Structures are given as structure tokens and as C-alpha cells.
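*Asks:* Quick one: this structure, given as C-alpha cells, is what I'll be asking you about.
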Amino acid sequence: MSAEAWQRGLVMLQRGRPAEAEPFFRESLGADPHQPHVLYYLALVLNAQGGRERNKEALDVVVTALALTAEDPDLHALRAEILIDLDRPGEADAAAREAVRLAPEDPGAWTVTGLVLLSLERWPAAEEAARKALSFDTHNARANQVLLHALRMQGKRDEDEALTGMMLAANPESDHTQANAGWSKLRHGSPADAETHFLEALRINPENDYAREGMKQAFRSRSRLYHAYLRFGFFLASLPQGASFGIMLGLYFGYRLTSRFLHSVGADLLAMGFAMLYLAFVGWSYCSPALGNMLLWRDRRARHALTRAEKFSTGGVGVLLLVSLLCYFADFVLHLQF
């Protein structure tokens, strides 16, 4: 009965129905709880269902399986993936390294290593890990997805577009490939083409959150101002760790020094204008998603992509922005009069 339940669980998993596979794996474990391979699949389906509580439960199941067999690279690789979902990249890195140590020629272990490195924003290292995985399995779809993301974040446009074209030709019905193609087009300044790929990804799989988020970004990019902000964000994301923080810190000190200098030479109005420009930049950096959602709200089709929370934050930011502008101009007028 244990083997039969496990096999039925595998069938459900292969059909892309992890929630329906879960009870079969639990049934198999009820007959014999000391089955590492069944624990592996139970953790896999739990993690696939998403949500922090399910991710934590999946991690507990993997830890139980590792207590039975600590030398299984697949378990370490799955543990790394779950830890990524739990926003624990340091631990995920250690788990991925252990998977590679145990199976240095396993493309799955190298692919997960690439995923971990992506979460750590170590783009060149992620590219290297993905290429290592592909050296053992040239048709590994997940490794290609990791490689595509790493190339995109490094701004390697030619290689990015070549790989995207190859993947689309090989499997145009993959929602992940279509979503990645959309993000590549968005990254390289073609939001209209990006919309086409995101719509296709959502046609194939309406639950693809990666494509849905990309679709919202593409709609927002119809605004030239938001498009410029998005390109600036892509630029910062492509920099080595710490460099983007250094740029933002440099902008802040540059603003302070320039403002003090303008005040010292009596150019108070110019200093105030410069301060408004800097504050507008800071405010835009924090409020741009909500402000971008205002653009989506104006489009009858695009507004359906917004969640209830996003609609609420959009209205709140709109009100706060209006009140802030009124207060600032009132203060400006009062200073002129007195």
C-alpha cells in the first residue's frame, strides 16, 4: 500500500497538481515513516504550494529526511531551494555547496547553486554555475533560465537575446520562457514587445506571478518618467554588491554639499529648488510603484492586474502626495510673505 500511494502521488505531481499529490505521500509515510525518497517528494510538493508556512513545513520534512540519509545531494539541493524561498540565502548557499560537493557532476546541484547566487545578486558567479550545469546537460531548462537571468542582470544583451531566441524556438509554450523573454525585452528598453511576451506567458499559465509583475512593469513603462526610473533601477541592480548603495550615499552627500554651498553664496531660491529636485528623486524612489500603479488604474485592462493591497496603497500614496505638495507650497508662500 505504501508503494502504491507513493506512485499515485508521483502521477499527481507529474500532472502539476502538488496539493493533490500531498495526501498520497503522507499516506505512504503513514505506513512507513522512514522513507527518505518519499519525504523528499512530500517536501517538494509542500514547497511548490507556496506560502511561508508551507515553506517552513517543507524545510522540516527535508531536515527529517537528512537525519535518515545525510549524503543525498538531492535533499541538500531541495533544502537550498526552500531556504531561498524563506529568504535565508546564507544557509541556502551552504546547502547548495554541500549538494555540489556530494555530486560535482550533477546538473541539478549546479542549477540550484546558480539560483542561490542569483538570490545573492552575484551575477557572474550565477552565470558560471549555470554554464557548469549546462556542460553536463545542455538541454537543462532550469539551468538555461538561470543563465538567462544572470546574462540579463549583467547587461549582456547579445548573449541574452540569442539565448532567449533559442529557448523560445525550442519551447514557445513554456510560460517561464515567455516571462523571461518579456523581462529581457523590458530590461533592454522595449516595453511594447515585453507586453506581448508577458501576455503570452499569462495565457499559458494565468498563475505565473513573475509574468504578472512584469506585465505591470511594462504597463507602467508607458510613462517615460517611470521608464527612466525602471532603467535606473536595472542599472543599479546590475552593479556589484555594495556599489548601488555607494551611489545612493554619494548622491545624498552630493546634495548636502551642493545645498550648503548655494546657501553660503546667498542663492537661497536656487538651493530650495535643488532641495525640491532631490526630495522629488527620493520620493519617487520610494513611491514609484504606487505612482506607477496610478498609470495602470487609468487603463481599463491593466487595472485588473492590481491586487487589492496595491489598489489601496495607490490611493493612499495619491492622497499623501497631494497633501504633501499643498503643505510644501503653503510653507513656501508663508516664507515669502514673512
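*Asks:* Quick check on segment 203-216. Is at least one of its residues in contact with a helix residue (DSSP H, G or I) (Cβ under 8 Å, 6 or more places away or on another chain), open to solvent by less than 20 Å² (accessible area, probe 1.4 Å) and at pLDDT below 80?
*Replies:* Within segment 203-216 (the criterion being in contact with a helix residue (DSSP H, G or I) (Cβ under 8 Å, 6 or more places away or on another chain), open to solvent by less than 20 Å² (accessible area, probe 1.4 Å) and at pLDDT below 80), the answer is yes, since at least one residue qualifies.
*Asks:* Can I ask one more? Select from segment 164-200 the residues that are touching an Asp or Glu at 6+ places or on another chain (Cβ under 7 Å) and open to solvent by 40 Å² or more (accessible area, probe 1.4 Å) and list them in ascending order.
*Replies:* 185
*Asks:* I need the helices (runs of 4 or more DSSP H) fully contained in segment 1-66, keeping only those with at least 2 residues that are of a type in the set (S, T, N, Q) and touching a Pro at 6+ places or on another chain (Cβ under 7 Å).
*Replies:* none
*Asks:* Something else now. Would you please name the residue that is nearest to residue 117 (Cα to Cα), looking only at residues in segment 66-78 that are open to solvent by 50 Å² or more (accessible area, probe 1.4 Å) and touching a residue at least 24 places away in the same chain (Cβ under 8 Å)?
*Replies:* 74
*Asks:* List, please: which pairs have Cβ atoms under 7 Å, are six or more places apart or on different chains, and start with a residue in segment 86-97 that is closer than 13 Å to residue 121 by Cβ and in contact (Cβ under 8 Å) with a residue 12 or more places away in the chain and end with one that is assigned to a loop (DSSP other than H, G, I, E, B) and not basic (Lys, Arg)?
*Replies:* Partner pairs satisfying both residue conditions: 89/120; 93/120.
*Asks:* Considering (1) assigned to a helix (DSSP H, G or I); (2) touching a residue at least 24 places away in the same chain (Cβ under 8 Å); (3) within 20 Å of residue 205 (Cα to Cα); (4) open to solvent by 50 Å² or more (accessible area, probe 1.4 Å), say which one residue 161 fails and leave the rest.
*Replies:* Here residue 161 meets the rest and fails (3).
The values are calculated or read from the model by the stated rules, or taken from the named source; none is laboratory data. This one's a predicted model, so the numbers in the text were calculated from it and none came from an experiment. Virtual Cβ from ideal backbone geometry, glycine too; neighbours counted across all protein chains shown. Note: accessible area is taken over every heavy atom of the protein model, side chains too, but ligands, DNA and RNA are not part of it. Shrake-Rupley method; radii C 1.70, N 1.55, O 1.52, S 1.80 Å.
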